[in-house]
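Visitor: First the structure, then my questions, so here it is.
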Amino acid sequence: MLMRLILLFTLVPLVELAILFRLNAYIGFFSTIGIVIFTGVLGAYLAKSQGREILFRIRYEMKDGRVPGEQLINGLCVLVGGAMLLTPGILTDITGFSLVIPVTRELMKGFVKKKLENMVDKGKMDIHFK
C-alpha cells in the first residue's frame, strides 16, 4: 500500500506537469494558467453545491429512518472529486469533474461500490452496526 501511495504522489504530479508543459507550448502560459484557475474555481463551486445537496438528502433519509448508503457513496465521490479539482492538472480535473457531476458520478459509483465491497471481503475494512 505504501508503494502505491509513493507512486501515486510522484508519478501523477509528474504526468500532470508534463501535460501542462505541453499545453503551454500549444496555447501559451497565461491561457494554461487561466484554465487551471478556472477549473479550480468551477470545481470548488460544483463540489460545494453538490455536497450541500447530498447532505440534505442524507438528513432526509435519516429522518425517514433509512440508512443513507447511496448518499454516503455520493458524498465520498464528491469529496474526492472536489479535492482532485483543486489539484492543478488536466487528468485530475477530468477525474474530479467525473466524480462531482451527477450524471458521470453515477457511472463512477459502480466502481467505487465494487472497490468498497472488495475491501470488506478481504478484511481490509470492517463495517459495524449498533
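Every number in this text was worked out from the coordinates using simple rules, so none of it is lab data. Just so it is clear, the model here is predicted, and its values are computed rather than measured. Positions of Cβ are generated from backbone atoms using ideal geometry, with glycine treated the same way; all protein chains shown enter the neighbour counts.
Visitor: I'm a student and want to see the number: the projected area of the Cα convex hull of segment 33-73, averaged over all directions, in nm².
Guide: Quarter of the Cα hull surface area: 2.9 nm².
Visitor: Along the principal axes of its C-alpha atoms, what lengths does segment 8-120 span, in descending order and rounded to whole Å?
Guide: 55, 30, 21
Visitor: Here is a follow-up. Have a look at Thr39, Ile54, Thr10 and report the one farthest towards the positive end of the charge dipole of segment 1-85, computed about the Cα centre with Cβ charges (Lys/Arg +1, Asp/Glu -1).
Guide: Value computed over the given set: Ile54.
Visitor: Quick test of the membrane-span-like rule: which DSSP H helices of the chain reach at least 30 Å along their long axis (C-alpha atoms) with mean Kyte hydropathy at least 1.0?
Guide: 2-27
Visitor: Taking R0 as 22 Å, what FRET efficiency do you get between Lys113 and Ser49 from their Cβ-Cβ distance, rounded to the nearest 0.05?
Guide: 0.40
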